[in-house]
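Laboratory data are not the source of any read-out in this text; all were calculated from the coordinates shown. Not measured: the values here are computed from a predicted model. Cβ atoms come from the backbone with ideal geometry, glycine included; neighbour counts cover every protein chain shown.
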Amino acid sequence: MEPYLQTVSLCRYYRRGPHEVKALDNVSVAVNKGEYLALLGSSGSGKTTLLNLLAGLDTPTSGTVALEGSPLTGMSRRELSAYRARKVGMIFQSFNLISHYTALQNVEAALLFNGTPPAERRRASAAMLESLGLADRMTHRPGDLSGGEQQRVAVARAVVKRPEILFADEPTGNLDYDNSRSIAGLLQSLNAGGLTVVLVTHNHEMAQEYAHRTVRMQYGRVTGTDLAGATGGAL
Amino acid sequence: MTFRDLVILAAGNLWRMKLRTTLTISGVLIAITAFVAMVSFGAGNQAYVEKQFNKLGLFSTMQVFVEKKGQETDSAPAPKLDAAALERLSAIPGVNLVYPYDAMMVKVRLGDSVVSTKAQALPAAAVRTKLFSGLVAGIAFSGDSSRQAIVSDDLLHRAGITRPDSAVGMSIIVSVRVSTLDSALAHVLTDRGVSLFDRAKKVHVDSLLHAPYRSKVLRSEAGEVVRRFFTGFTDAQATISDTLTVCGVRQEGRMGRLRIEDVIMPVASAKRFKATGFGGSPIEIITAMSNGSIFGSTDEGESRTYSQVTLDFDPKVLYTTIRDSVEKMGFKTFSFAAEFAEIQRVFVYLDLALGVVGLIALLTASLGIANTMIMSINERRREIGVLKSLGADESDIRYLFLVESGAIGVLGTLGGILAGWTITRIVSAIAQRYMKGEGIPPIDLFALPVWLVLIALAFGIGVSLLAGFYPAARAARIDPVAALRND
């Protein structure tokens, strides 16, 4: 079966003054439809860079990213925006909610760019927040919410458009243990519902517990791939 | 993202930064206020001049005159403005009325005052045209043979009459001192008891055979004849008087080549003075001598020529059509429609000069808009990154910032137009009150025509959008990866 997303010899180099930094060097990975894939590695290993390239937010120095066989790297800027607007959901470690929007407006913002009519935007966003237990927090601004609530709003924003793939970049990095478990469980249940999930984490217990497969990275390179339950003590 | 979404997002962002937005809008508002107020002044004056021209029917009036000697462009003699020419001018399609400028020096007794001035003969039809419609008191004379006159307010002033309406119905005695050919010829024959025969007796007949003596005698006697002739004309004047009733008072004013004298009387009344002889003006005598009318009737004769003729034509007919027809006959023309085109050009320059001052203020305000938008971008980098991660295209971000700067322009411009209009109304009211106090007819110095509103809107919004272009492009180019990085 053809992978949903696949990278081949993907490189992303940055220039910092006279030096060239190889953030990603010759990485080839595949993400299958409905899979829960964890990208595991320490800080600076290139996992966030890979995530940005898979989400179409960044362009590679060389190599290709293919979406169901069609290269993302050949897409126009507008096509990449449409890809993010319709097929991609993203969650960040620092939530990245817009501070002057209410929780409801933050979720609605995800539907601004995929042609959803205004009334449907409001209805779908409210329903999503309710389903995540935030019915009484809709009119609150991010500053009035706890870290766990903010991340749940971020999850609602990521999945309200019913994306095909969810990229989660250290989603529990700023959360306490209980909230981390809650968010991890939420991602697992979304995956169970058929959503493809790519999780970036440096927490190998979490990767081991929830992901179907773990790709280990170091210094911008893939150092190994493990199936569920097979990563113990690898890093 | 739809335009509605852009407007809602932009409005939310501007509302969130109330103080900054208000200050930026104020900059545009002040600039547009200055622009509207200044150009409105030019437009007001232009509207006033146009209104006056229309009121007096000047757009449908043309002066026809003969080219002055020395100005003729070809060898053919200039045509005369005589009765035949008047008939030809009347026959031009669109011409309603033709009347010559026919004036004379008169003495006018009005109340207890006697004033030397000029009187003009006009047909009743001419007095009923728009040109003479602006009477400050009374009405036009009823017919060509009515014994009435229209006088100027300046003449009343000189006669010590301050209220124009009090002059209506007053008697006015118009006197002309005339010289006749008979008195001149009689004076040639006898001057202070010395006849030409007495002088002839003093000539030595035998000495006439000597050329120098003969030449001296001829020069002396010819000079004496000429002297006696002119002395007879100027000294032996008779006074012709007629009593008329003041039926109307018009405002004094000479416009371009259009000459309107202090006293206007019907043609038939004027004819009584003309039938008797010549006025005291040497120019009149010399003109009569040069055209030969001194030896015949000068009033309605075929040889009578005029210095100037006025045409009143249908306002629907283009003045250029009439002008071309008249100039084809070899006459020169003067029309207020042509003059107005020149005046309009001056007003355009005035509007431009005033507009440039306003635009400089607007350009300064545009720097404020650019500054506000750039500050906003720096503060909203993460928001822009988030929107891009959610699927916003560069064009969505660009349009969002352009709508924000455009909204500042729209609000500032609408406010500026309203403020500009309010200020011009206040200044105009003060100016009109001052004019009334000074005895000047109050006029509205300002006007806010639709074209000015549209130009203000176009400039205000256009400049605001231009000011937003660079910040919008900069916002659109923000790298989402860098914007979302945890630092």
key: FRET efficiency, A:ARG221 to B:SER26 (Cβ-Cβ, R0 56 Å, nearest 0.05)   = 0.45
remark   = In order over the range A:68-77: 3J(HN,Hα) from phi, Karplus 6.51/-1.76/1.60, θ = phi - 60°, whole Hz, x for each Gly or Pro, gives 6, x, 9, x, 5, 5, x, 7, 6, 4
ask   = Given labels modelled 7 Å from the Cα in the Cβ direction, how far is it in nm from A:SER99 to A:ARG122?
value = 2.8 nm
query = For the range B:441-455, in order, what is each residue's ³J(HN,Hα) by Karplus, 6.51 cos²θ - 1.76 cosθ + 1.60 with θ = phi - 60°, in whole Hz (x at glycine and Pro)?
reply = x, x, 10, 7, 7, 10, 8, 10, x, 4, 4, 6, 4, 5, 5
request  = Quick one: which residues, 5 or more positions from A:LEU39 or on another chain, have an amide H under 5 Å from its amide H? H modelled 1.01 Å from N in the peptide plane, none for Pro or chain starts.
outcome  = A:LEU199, A:VAL200, A:THR201, A:VAL215
ask   = Quick one: Karplus J couplings for the range B:243-250, per residue in order, coefficients 6.51, -1.76, 1.60, θ = phi - 60°, nearest Hz, x for Gly and Pro?
value = 9, 10, 10, 6, 9, x, 10, 10
inquiry  = Using amide H atoms built in the peptide plane, which far-off residues or other-chain residues are under 5 Å from B:LEU122 H to H?
reply    = B:MET265, B:VAL267
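Evaluate E = 1/(1 + (r/R0)^6) for B:LEU185 and B:ALA84, where r is the Cβ-Cβ distance and R0 equals 41 Å; express this FRET efficiency to the nearest 0.05. Numbers along the way, then the final one.
Working: r = 31 Å, r/R0 = 0.75.
That gives a FRET efficiency of 0.85.
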task = Would you tell me the mean number of C-beta atoms belonging to other protein chains that fall within 10 Å of each C-beta in B:379-388, as a whole number?
result = 4
query = So for the pair B:THR2, B:LEU418, with labels modelled 7 Å out along Cα→Cβ, what separation do we get in nm?
reply = 2.8 nm
remark   = In nanometres, the difference between 0.36 nm per residue of separation and the alpha-carbon distance of B:SER215 and B:LYS436 is 72.3 nm
query = Quick one: B:TYR213, B:TYR434, fewest Cβ neighbours within 10 Å first, how do they rank?
reply = B:TYR434, B:TYR213
key: Computed lengthening from B:SER207 to B:LYS55, 0.36 nm per intervening residue step minus Cα-Cα distance   = 47.2 nm
task = Report the antiparallel proportion of the DSSP beta bridges in the protein assembly as shown as a percent, rounded to a multiple of 5.
result = 70 percent
task = Check the straight Cα-Cα distances from B:LYS80 and name the lysines below 17 Å, setting aside those fewer than 8 residues away within the same chain.
result = B:LYS68, B:LYS69, B:LYS328, B:LYS332
query = Sequence-distant or interchain residues sharing an amide H contact under 5 Å with B:GLN148, placed H: which?
reply = B:THR245
key: Partners for A:LYS161 among lysines (Cα-Cα distance below 26 Å; same-chain residues under 8 apart left out)   = A:LYS33, A:LYS47, A:LYS87, B:LYS388
CD proxy at 222 nm, helix term only [per DSSP H run n ≥ 4: -39500 (n - 2.57); per residue of chain A; nearest 500] = -10000 deg cm²/dmol
request  = Place a label point 7 angstrom from the Cα of B:TRP451 along the Cα-to-Cβ direction, then list the residues of the range B:33-70 whose backbone nitrogen is under 12 Å away.
outcome  = B:43-44, B:46-47
request  = Report, ordered by chain and residue number, the aspartates and glutamates lying within cross-link reach of B:LYS202, taken as a straight Cα distance under 17 Å and ignoring same-chain residues fewer than 8 apart.
outcome  = B:ASP191, B:GLU221, B:GLU224
task = With runs of 4+ DSSP H residues as the only contributors, calculate the mean residue ellipticity of chain B at 222 nm using -39,500 (n - 2.57) per run, divided by the residue total and rounded to the nearest 500.
result = -18500 deg cm²/dmol
remark   = Simple SL model, points at 7 angstrom along Cα→Cβ for B:ILE343 and B:THR245; separation in nm is 3.6 nm
task = Note the full-extension length gain between B:SER195 and B:LYS18 as 0.36 nm times their separation in residues minus their Cα-Cα distance, in nm to one decimal.
result = 53.0 nm
